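Structure first, commentary second.
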Amino acid sequence: MAGLNYVLVVVICLTLAATIAIAEETNKHHEYCVIGAGPGGLQIAYFLQNAGRDYIVYEKGPTAGTFYTKFPIHRTLISINKRNTGKTNKEFNFRHDWNSLISHDESLVLGRYSKDIFPHADYIVQYLKDFAEKLQINVQYNTTIGNIGPRNEEDEQFHVNDQHSNEYTCKRIIVATGIAKPNEPSAEVVRNLTTGYHDLTTDLEEFEGKSILILGRGNSAFETAQYIMGRTNFIHMMARSRVKLAWSTHYVGDLRAVNNGLLDTYQLKSLDGILDGDANELPIHRSPVDGRIYMEEEKLKERFNLLEETDNDALREGYDMVISCLGFSFDPSLFNETVNFRYAGTKNVKKYPRITFQFESTEVPGVFYAGTNTHSLDYKRSAGGFIHGFRYSARTLHRILENRYHNVPWPHVKFPSAINAMPHLLKRLNEASDIYQMFSVLCEVMIFSEDDTEVTYLPAYPCSLVSRIPKVSGHLVPGKLIMAVMEYGKNASGPAKDVFREDRAVGTSRDAHTSNFLHPVLYYYEKLPTDVKYLRRPAKWILPIPDRIHHIVEDFTTVFDAPKTHVLSLRRFFEYILQRDLRQFYAEQCMAASLLSTTLPESCKLYDMRGQGISPTADQKEILLDMSPRLLENSLVYFK
């Protein structure tokens, strides 16, 4: 009996071990492998999970949002946490919530964690942790993925490894690691004499009575200056690029007002200053006499084209500390040597990976990017480098993947007439957060049937893929097409622009095309533009030159619902391109029209005078039955 029990125990143990081994092996293969559990990785994972896809998220740290456990160093976020808007519409409120991710759980918004307009970074760490746990996102922590190369030709899978040499296979890879690699000065002597932003202490006593030189001129540089300026003798800041203020450029990655105290003390002559020059290869050395850091005078004169007799250079007093705040870039070390990795942009802006308009690596097909890694597509133009922007880039990527690999068409609404589509368009322009935050990048698409009766409406479609709508969205474009996008005036902003000038805004619909502030623009095409037409569009144009264009005049509150200024001009635009009367009529007017004319206005045909006039034809009934549930419910009353 004892022997039998022993055998049973052995069998059970072997069975359990085999089950664990199978489970572990199964867990090492997934259709989608997402690398990084920051906001970008968690956001794309949420969409994959909702679609029922086989996925896993690999995170090198012990928690979601590991990057934010350290950065920003001085622990204040610069993403707006606007909790109150006076509205109850969740989508509208998301326009002004710059930290939360998209989900069905209304408790998962950062405004529930902090009431501060610029929250402490610890809150977003807790928020991302809760997001992963509450939504049961499949994350494997403490796993650093590397050795990414092209797909294996035999099994058409990606074979990658973690830090323990465990192998994982993936059908597709989504890289969401962010730009977490600190940029350092290129010259070794400069690197050795500087303290990196990533190594800074938050102990203010370390800066008491110190003279500081900061290399860099972005938000991390000004954030550092803002934090320590109350303790220092003076702060000098040096970079080769000029200061660009976010409220002037409309780009949230430029210097934010919350960090620009140094500009005051510079311009008001309180010792602090801003210098122009290449901070990467400064001729600096540490004095053996007093231990301070000085510039080599002769090399300094040569570098800044100073005359020999010049003895009043601004850097002559030396510094106690030089701090390098040169920003971050994407770390390509997760790829192996077979990948010829390339950065996007110019040689001076090597921050983001080079990707296609569909967020796919240009070097490794099947590897996609999510989160701030995708910002190369809208760098300096929109908000794709920040949570309030890339949460929508992640959703866009998911929709592209769904159509490409799972034959799921782009989400859409069908309308039986432009009369029905126009209110929907206006609602989106007035409430939608995706096209508002990803201005100039995401478009509303209206596809007309061949006879111009039906409209297929696609929300938040990438403007750059206008020529690829049938292939990317799964919807044919048989005839006319309208692309609606939010954009600023083409010459409205910039470092040298006076954005507070007296005539900065217009208020009448006839001047709408001169609008400077964010406003909707409709591009009308008789037929689908080609790839070549998109690529050859004029500079600063978001889309190819259309057959007709319509600007909806800017509005101080960014609400575009004024009956005459906004709605009437929009209706007339639709009437012109469709060559039909789109006015709404009362039943009595429709009855009079049916007695006096051989043709009826569009609204009379569609709604048939609330059942008090001519009975609808079989064709009209079919059109109404194809309407969306909400419109169908409202329209069936016409047949009672």
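Would you confirm, using the coordinates I've provided, whether GLU167 is open to solvent by 40 Å² or more (accessible area, probe 1.4 Å) and without any contact (Cβ under 8 Å) to a residue 12 or more places away in the chain?
So GLU167 does not fit the description; no.
Within the range 447-475, how many residues are among the aromatic types (Phe, Trp, Tyr) and either touching a Cys at 6+ places or on another chain (Cβ under 8 Å) or under 10 Å from HIS412 (Cβ atoms) (or both)?
The number of residues fulfilling the criteria is 2.
Checking PRO185 against (1) within 30 Å of LEU215 (Cα to Cα); (2) out of contact with any Phe, Trp or Tyr (no Cβ under 9 Å at 6 or more places or on another chain); (3) at pLDDT 95 or above: exactly one of these is not met. Which one?
Here PRO185 meets the rest and fails (3).
Determine which member of the set GLU154, GLU184 is part of a loop (DSSP other than H, G, I, E, B), touching a strand residue (DSSP E or B) at 6+ places or on another chain (Cβ under 8 Å) and not polar (S, T, N, Q).
Numbers: GLU154 fails: touching a strand residue (DSSP E or B) at 6+ places or on another chain (Cβ under 8 Å).
Going through GLU154, GLU184 in turn, just one is part of a loop (DSSP other than H, G, I, E, B), touching a strand residue (DSSP E or B) at 6+ places or on another chain (Cβ under 8 Å) and not polar (S, T, N, Q): GLU184.
Kindly provide the set of residues from the range 324-360 that are in contact (Cβ under 8 Å) with a residue 12 or more places away in the chain, closer than 24 Å to ARG391 by Cα and part of a strand (DSSP E or B), ordered by number.
PHE328, SER329, TYR343, PRO353, ILE355
Is it true that some residue in the range 184-196 is in contact with a helix residue (DSSP H, G or I) (Cβ under 9 Å, 6 or more places away or on another chain), surrounded by 15 or more Cβ atoms within 10 Å (Cβ to Cβ) and more than 26 Å from SER79 (Cα to Cα)?
Checking the range 184-196: at least one residue is in contact with a helix residue (DSSP H, G or I) (Cβ under 9 Å, 6 or more places away or on another chain), surrounded by 15 or more Cβ atoms within 10 Å (Cβ to Cβ) and more than 26 Å from SER79 (Cα to Cα).
State yes or no: is SER467 over 19 Å from PRO423 (Cβ atoms) and not in a loop (DSSP other than H, G, I, E, B)?
It is true that SER467 is over 19 Å from PRO423 (Cβ atoms) and not in a loop (DSSP other than H, G, I, E, B).
If only one of HIS566, HIS551, HIS513 is over 23 Å from the mean Cα position of the chain (by Cα) and touching a residue at least 60 places away in the same chain (Cβ under 8 Å), which one is it?
Exactly one residue qualifies, and that residue is HIS566.
Quick one: which residue in ARG510, ARG501 is open to solvent by 90 Å² or more (accessible area, probe 1.4 Å), more than 25 Å from ILE447 (Cβ to Cβ) and out of contact with any strand residue (DSSP E or B) (no Cβ under 9 Å at 6 or more places or on another chain)?
Working: ARG501 fails: open to solvent by 90 Å² or more (accessible area, probe 1.4 Å).
Answer to the check: ARG510.
State yes or no: is PRO538 out of contact with any Ser or Thr (no Cβ under 8 Å at 6 or more places or on another chain), touching a residue at least 40 places away in the same chain (Cβ under 8 Å) and not charged (D, E, K, R)?
It is false that PRO538 is out of contact with any Ser or Thr (no Cβ under 8 Å at 6 or more places or on another chain), touching a residue at least 40 places away in the same chain (Cβ under 8 Å) and not charged (D, E, K, R).
I'm told ILE73 meets every condition in (1) closer than 27 Å to ASN260 by Cβ; (2) in contact (Cβ under 8 Å) with a residue 40 or more places away in the chain; (3) of a type outside the set (Lys, Arg); (4) in a helix (DSSP H, G or I) except one. Can you identify the failing condition by its number?
Failed condition: (4).
Considering only the range 455-487, state which residues are polar (S, T, N, Q), open to solvent by 10 Å² or more (accessible area, probe 1.4 Å) and under 21 Å from THR374 (Cβ atoms). Lay out the reasoning, then the answer.
Step one: filter the range 455-487 for residues polar (S, T, N, Q), giving 456, 464, 467, 473.
Filter once more, keeping what is open to solvent by 10 Å² or more (accessible area, probe 1.4 Å): 456, 464, 467.
Those that are polar (S, T, N, Q), open to solvent by 10 Å² or more (accessible area, probe 1.4 Å) and under 21 Å from THR374 (Cβ atoms): SER464, SER467.
Residue check, GLU450 against (1) touching a Gly at 6+ places or on another chain (Cβ under 6 Å); (2) open to solvent by less than 10 Å² (accessible area, probe 1.4 Å); (3) in a loop (DSSP other than H, G, I, E, B), all met but one. Which one?
(2)
Scan the range 513-550 for residues that are closer than 16 Å to VAL441 by Cα and open to solvent by less than 10 Å² (accessible area, probe 1.4 Å) and jot them down.
LEU518, HIS519, PRO520, VAL521, LEU522, TYR523, LEU543, PRO544
Has the range 460-472 got any residue that is modelled with pLDDT of 95 or more and aromatic (Phe, Trp, Tyr)?
Scanning the range 460-472, I find at least one residue that is modelled with pLDDT of 95 or more and aromatic (Phe, Trp, Tyr), so the answer is yes.
For the range 271-315, which residues satisfy the criterion of being at pLDDT 90 or above, of a type in the set (D, E, K, R) and outside any loop (DSSP other than H, G, I, E, B)?
ARG286 - this is the single residue of the range 271-315 that is at pLDDT 90 or above, of a type in the set (D, E, K, R) and outside any loop (DSSP other than H, G, I, E, B).
The values are calculated or read from the model by the stated rules, or taken from the named source; none is laboratory data. Everything quoted here is computed from the prediction, not taken from an experiment. Here Cβ is always computed from backbone atoms with ideal geometry, including for glycine, and neighbour counts include all displayed protein chains. Heavy atoms of the whole protein, side chains included, go into the accessibility calculation; ligands, DNA and RNA do not. Shrake-Rupley method; radii C 1.70, N 1.55, O 1.52, S 1.80 Å.
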